[in-house]
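A short reminder: the numbers here are calculations on the coordinates, not readings from a lab. The structure presented is a predicted model; accordingly, all values stated were derived computationally and were not measured. Heads up, the Cβs are rebuilt from the backbone with ideal geometry, glycines too, and the neighbour counts pull from every protein chain shown.
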Amino acid sequence: MIEQKTIIDQIELLRTGHVQIRLGLLLIEDGKEIDCKWHRTSVAPGGNLDAQIAAVNAHLAQMGRAPVPVGEISYVQKIIQAAKR
């Protein structure tokens, strides 16, 4: 059985205040990763992470891919809050 999974693979904080997020679009068979494609998005300083992730999830749905897990979104939010100057 092949399972689709979307993970947040990388979170990058730029000196401009932008947050770049790299998503891994995984295909998993029998517990082993058999394929990974990358998808990226970014959030401007003061931007709305929830709105950006909603747009990403809509795009992933059009591609027939799994959405970003809610728990991973809250993790990104915590990092953004910790990085505020």
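Numerical summary
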{"read-out": "Point-to-point label distance, K37-Q4, nm (Cα→Cβ direction, 7 Å offset)", "value": "0.9 nm"}
{"read-out": "Lysines whose Cα lies under 27 Å from that of K32, excluding same-chain neighbours fewer than 8 positions away", "value": "K5"}
{"read-out": "Matching label, Cα extents along the principal axes in Å computed from the structure shown, candidates (i) 33, 30, 19; (ii) 46, 23, 19; (iii) 72, 32, 19", "value": "(ii)"}
{"read-out": "Relative contact order [Cα under 8 Å, 6+ residues apart], the chain, whole percent", "value": "27 percent"}
{"read-out": "Dipole magnitude of the chain about its Cα centre (Cβ charges: Lys, Arg +1; Asp, Glu -1), debye to nearest 20", "value": "500 debye"}
{"read-out": "Loop-located trypsin sites (Lys or Arg not before Pro) in the stretch 14-69 whose Cβ has at most 10 other Cβ within 10 Å (DSSP)", "value": "R15"}
{"read-out": "Rounded tilt (10° steps) of 70-83 against the dominant C-alpha axis of the chain", "value": "30 degrees"}
{"read-out": "Hits among aspartates and glutamates - C-alpha to C-alpha of K37 under 13 Å, sequence gap 8 or more where chains match", "value": "D9"}
{"read-out": "Leading residue at positive end of dipole, the chain (Cβ point charges), from V43, I28, N57", "value": "V43"}
